[in-house]
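Data block below; observations after.
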């Protein structure tokens, strides 16, 4: 690829908003390569690194490894081992950063991890809202039918159903009620901006503090420490082709 073609490729990445994602990954790569563990350096055998790689990507056969190498352009054994060690070191860094604070971070970010499925109905008249609420509560009408016929929000297209979503997505007044609600709990009408809303929690999908969650949270913490510089990385990429 010529220098001109390479520059056009980078311009296309920027134009289609792909350069930012590339810059984040490059910044993460630099952060991990430069990271120093307290008291000891990174030490791991090739077999340990490969085991971590297989575990992370749920790889169980040599054919799957070969396919992964082809997809990632890891065309030599050295490139593959370097990548496996990169993955392994990243996991160890996450463990190092989360040591002693994983559970507190989990509780702090739980609203981003839990999922709720709820029904909502919005009308602009308080009396009408209470009429519908009592009709739903007494089972004279199904919530979905009431939402389809009367709701003035976009949920009238889904019979009132919204989600599953995390608890940072809904309006704060909705999230506050759903956070402590029990499944099928129906809330009386309340003011929601210019409307009056009736709300019911359908299902709650509570996150658990386990290895998968810890790894996810570790990645969140890791990314918060990385500050990609688009201009510097763009210049670096341009220079790497000269």
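The values are calculated or read from the model by the stated rules, or taken from the named source; none is laboratory data. Values in this document were obtained by computation on a predicted structure and should not be read as measured data. Cβ sites come from the backbone with ideal geometry, for glycine too, and all protein chains shown count toward neighbours.
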So, first residue in contact (Cβ under 8 Å) with a residue 60 or more places away in the chain in the stretch 161-185, second residue assigned to a helix (DSSP H, G or I), Cβ within less than 8 Å, six or more apart or across chains; the pairs are 175/111; 179/111
Does residue 159 fit the bill of being more than 27 Å from residue 52 (Cβ to Cβ), out of contact with any strand residue (DSSP E or B) (no Cβ under 7 Å at 6 or more places or on another chain) and surrounded by fewer than 16 Cβ atoms within 10 Å (Cβ to Cβ)?
no
Condition met for residue 94 (assigned by TED's automatic domain parsing to the domain that holds residue 179, in contact with a helix residue (DSSP H, G or I) (Cβ under 6 Å, 6 or more places away or on another chain), under 30 Å from residue 167 (Cβ atoms) and surrounded by 14 or more Cβ atoms within 10 Å (Cβ to Cβ)):
no
In the stretch 189-212, which residues are surrounded by fewer than 17 Cβ atoms within 10 Å (Cβ to Cβ), in contact (Cβ under 8 Å) with a residue 12 or more places away in the chain and farther than 10 Å from residue 122 by Cα?
193, 203, 205, 206, 209
Pick out the one residue from 186, 178 that is within 25 Å of residue 110 (Cα to Cα), touching a helix residue (DSSP H, G or I) at 6+ places or on another chain (Cβ under 9 Å) and not assigned by TED's automatic domain parsing to the domain that holds residue 100.
186
Flagged in the stretch 109-127 as more than 37 Å from the chain's Cα centre (by Cα) and touching a residue at least 40 places away in the same chain (Cβ under 8 Å), in numbering order, are 125, 126
Residues in the stretch 89-107 that are without any contact (Cβ under 8 Å) to a residue 60 or more places away in the chain and within 15 Å of the chain's Cα centre (by Cα) total 0
